[in-house]
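Below is one structure, written out as structure tokens, with a few remarks after it.
Read the figures in this text as sums done on the coordinates, not as results from a lab. It should be emphasised that the depicted structure is a prediction, and the values quoted were computed from it without experimental measurement. As a convention, Cβ positions derive from the backbone with ideal geometry for all residues, glycine included, and neighbour counts pool all protein chains shown.
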Amino acid sequence: MTLRAEELPDRVVAVLDRPEKRNAIDQETIDALHTLCGALEAAPRTLILTGSGGVFAAGADIAQLRDRTADDARRGINALAFIRIRELPMPVIAAIDGYALGGGAELAYAADIRIATPALKIGNPETGLGIMAAAGATWRLPEIVGEARASDLLLTGRTLDAEEALQWGLVSSLHPADELMDAAHAIADRIAANDPLATQHTKRALRTPRAQHPAIEFDLQAELFESPEKHRRMTAFLERRTERAQGDEVRKKR
Ligand code: COA
């Protein structure tokens, strides 16, 4: 099994687990990612993606890539799996230690939130292998870091270290390796405290092409404005304030 998934009520932790091959993403891993996406589409939960053995993923499996043909390229084997991850209803957090290269980097780009350790090495060396990054880097990386920086990375095939990735905003924060998963869970905890439907609608709006704004927000917000959870959460807020104000009054009178 190349992908280990731990299912919790409000989140799933998926670990790329092929450390002897630096978690290189092979067909079995892609199939497992599709199965995982199926479960998360049916029962939306936050996904934390990480890798075992101090590596996120050292790319697509080069042993398999070498034999792939034009027809395989057109099937977009990795791209379709990563798009499905990107489109998951709830947020995806990539917790990255060590190498995230090639397809491994593209898997990380498909996440909504990326955090890393100081050992991070991220980039797309595909052109050095005679291919291009075709599973998200050319359209997602410019959205994340801007076109100039994406061009710098993709046209040179160089690798960023943790500090540069942080400075570019490619990762949001750095954590010592033994605190990485706690940091990922803390983000998932924050998400879990909010209304899941409001989070899903926010993610959908973030993913929507520019031409469809703000109509998409109006439609999504219309649904939320009528939701019982909105009423419950807002009433709870207002009642807390009233209770606090009444408490202040009583204290003043004493
Ligand atoms: N695909 C297939 N196998 C890979 C792999 C990949 N992307 N990355 C690493 N491996 C395998 C190696 O072939 C080696 O297998 P072996 O023990 O059977 O010989 C094993 O994983 C360990 O790799 P090794 O290079 O010895 O580890 P390292 O810690 O010294 O170096 C890397 C790690 C990531 C720097 C190095 O493995 C590397 O450059 N990998 C390829 C990165 C890449 O070009 N990715 C883009 C692919 S599109």
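Some points to look at:
- Over all other residues within a Cβ to Cβ distance under 13 Å of E87, the charged ones net out to +4, with Lys and Arg as +1 and Asp and Glu as -1.
- Distance between the pseudo-spin-label points of R204 and A73 (7 Å out from Cα toward the beta carbon): 3.7 nm.
- The angle separating the long axis of helix 228-253 from the principal Cα axis of greatest extent in the chain is about 50 degrees.
- In the chain, helices alone account for a calculated mean residue ellipticity at 222 nm of -15500 deg cm²/dmol, with every DSSP H run of four or more residues adding -39,500 (n - 2.57).
- Our estimate of slack between D219 and I62, defined as 0.36 nm per intervening residue step minus the Cα-Cα distance, is 52.1 nm.
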